[in-house]
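What follows is a set of notes on a single structure, which appears directly below.
The values are calculated or read from the model by the stated rules, or taken from the named source; none is laboratory data. Predicted model only: the values in this text are computed from it and were never measured. Don't worry about glycine lacking a Cβ; one is built from the backbone with ideal geometry, like all the others, and counts go over all protein chains shown. These accessible areas exclude ligands, DNA and RNA; they are computed on the full protein's heavy atoms, side chains included. Shrake-Rupley method; radii C 1.70, N 1.55, O 1.52, S 1.80 Å.
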Amino acid sequence: MRMLRAAIAAMALCLIMTSFATAQNTDMAAAIQARYEKLGSFAADFDQTLTHKESGAVEKRQGKLLFKKPLLIRWQTVTPHEETLVVTGKEIWNYIPEEEVAYRYPPSLVQDSRSIIQVITGQAALTKDFDVKAEGREDGLSKLRLFPKEPAPKRVKAVIWVEPDTGYIRRASILDFYGNSNEVRFNRFSPDVSIKASEFSFTPPKGVDVEDRIDSAVPEKELFR
């Protein structure tokens, strides 16, 4: 009887601790969302690392990111190859100078809460679309693992690293079904900066081919990678 009581007590304690941990994780995710609800814009310098699991290939990129609510984005890759992505409420432009081509896509391609750009800009619905698990501190940042409640092949799970004092996301990694990862790390992060509206407009340079895919639901390559 004593052993049975001890076992029941142990199970009850485990359930209490699990519930407590779940509540803490939810509170942390809610705090991050609350912070970004108050954030109107930011500018950042980023390092991006793309890792292909099967081949072992690793590609590193550097660039700049401008963000302004509701979802205005200018993603400028500088090295190793120049690429510009401009997102507005009407369209997405993807310009690759080396190929002398500019692609135009519908804005719906980046509106999925589980996409890398939604995560790093703090627009992902953490408490709604993810199960969140806190994993302590790493390099002075709070580490949270995100499990999409409805996984997609390109987004199986994610990890974010957050400034514990401010709630700002400074690093994020997205893992797809095949084990490939897309990691973005902010080296500089300036919140609530003034950004000119012209930064979020794009006109293809003269002589550049334009591939208009505004009516296409799927681009020929994944954006922001």
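May I ask you to give the solvent-accessible area per residue for the chain, in square angstrom, as obtained with a 1.4 angstrom probe?
Working: 12630 Å² over 225 residues.
On a per-residue basis, the chain sits at 56 Å².
Does a label point 7 Å from the Cα of Val218, set along Cα-to-beta-carbon, have any residues of the stretch 161-195 with amide nitrogen under 17 Å, and which are they? Label zone hits: 177-178.
Ranking Gln48, Ile73, Ile32 by how far each Cα lies toward the positive end of the dipole of the stretch 30-137 (charges on Cβ) leaves Ile32 at the top. Taking all protein chains as shown and a probe of 1.4 angstrom, Val132 keeps an accessible surface of around 30 Å².
What angle, in degrees between 0 and 90 and rounded to the nearest 10, separates the Cα long axis of helix 2-38 from the longest principal axis of the Cα atoms of the chain? Tilt relative to the chain: about 30 degrees.
Computed with the Debye formula from one identical point scatterer per Cα of the stretch 80-173, without solvent, the log10 of I(q)/I(0) at q = 0.16, 0.21 Å⁻¹ comes to -0.77, -1.03. Rounded to the nearest whole Hz, the Karplus-based 3J(HN,Hα) values (6.51 cos²θ - 1.76 cosθ + 1.60, θ = phi - 60°) of the stretch 91-99 follow the sequence 6, 10, 10, 10, 10, 10, x, 4, 8, with x at glycine and proline. Taking 20 Å as the cut-off, the amide N atoms of the stretch 114-137 that come nearer than this to a point 7 Å along the Cα-to-beta-carbon line of Ala31 belong to 120-137. Put simply, the amide H of Arg171, placed in the peptide plane, has neighbours under 5 Å in Trp161, Phe186, leaving out anything fewer than 5 places away on its chain.
The phi-based Karplus calculation (6.51 cos²θ - 1.76 cosθ + 1.60; θ = phi - 60°) puts the 3J(HN,Hα) values of the stretch 73-84 at 9, 10, 10, 10, 7, 9, 10, x, 9, 6, 7, 10 Hz, whole numbers, x for Gly and Pro. To put it simply, the accessible area of the chain at a 1.4 Å probe is 54 percent carbon and sulfur. Distance distribution note for the chain: the fraction of Cα pairs above 28 angstrom is 35%.
Seen from all directions on average, the stretch 171-225 presents a Cα convex hull projection of 6.8 nm².
In whole angstrom, the stretch 76-133 maps to an equivalent ellipsoid with semi-axes of 27, 14, 7, each derived as √(5λ) from the alpha carbon gyration tensor and ordered largest first. Maximal additional length on extending the Arg188-Lys69 stretch stands at 40.9 nm, based on 0.36 nm per residue less the C-alpha distance. For Ile214, the accessible surface of its heavy atoms amounts to roughly 40 Å² (probe 1.4 Å, protein chains only, rounded to the nearest 10).
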